[in-house]
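Written out below as structure tokens is the structure these notes cover.
Derivation of every value follows stated rules applied to the coordinates shown; laboratory data play no part. Keep in mind that what you see is a predicted model, and the values were worked out from it rather than measured. So basically every Cβ, Gly included, is an ideal-geometry build from the backbone, and we count neighbours across all protein chains shown.
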Amino acid sequence: MATLIRIAETLGTTPNWLLGLSAAISDDPKIASLLDRFTNAANGMTLRELELCVIQAEAIVAAQEK
């Protein structure tokens, strides 16, 4: 288990993703993979960094609606 965790950390992902156990939020595998990567990256962020990412994501969605 410790080796699996080290491999996941090195690859910037999670042990669950490596084992194919990620709970897909989307039926599209590319979207599910990107969301999983984003979640993994977000786990290493400070609260302020995470808030900034959410603000950026909301701005992107708002720009698409125009």
* **Calculated from backbone phi, Karplus (6.51, -1.76, 1.60) coupling profile of the range 37-49 in Hz, x at Gly/Pro** => 4, 5, 4, 4, 5, 5, 4, x, 8, 6, 4, 5, 4
* Structure fact -> Of the convex hull drawn through the C-alpha atoms of the chain, the volume per residue in Å³ is 97
* To do: Find which of 56, 14, 35 sits farthest along the positive direction of the dipole of the range 2-64, computed with +1 on the beta-carbon of Lys and Arg, -1 on that of Asp and Glu, about the Cα centre.
  => 14
* Asked: Per-residue HN-Hα couplings for the range 2-10, Karplus 6.51 cos²θ - 1.76 cosθ + 1.60 at θ = phi - 60°, whole Hz, x for Gly and Pro?
  -> 4, 5, 4, 5, 5, 5, 4, 4, 4
* Asked: Which of the peptides 8-20, 37-49, 53-65 is most tightly packed, and how do the rest follow, going by the mean number of other Cβ atoms within 10 Å of each residue?
  -> 8-20, 37-49, 53-65
* To do: Calculate the dipole size of the range 2-64 relative to its Cα centre from +1 charges on Lys and Arg beta carbons and -1 charges on Asp and Glu beta carbons; express the result in debye to the nearest 20.
  => 180
* Stretch gain in nm, segment residue 19-residue 61, where the contour uses 0.36 nm per residue and the Cα spacing is subtracted -> 12.0 nm
* When the helix-only estimate is applied to the chain (DSSP H runs of n ≥ 4, each -39,500 (n - 2.57), divided by the residue count), what is the mean residue ellipticity at 222 nm, nearest 500 deg cm²/dmol? -> -21500 deg cm²/dmol
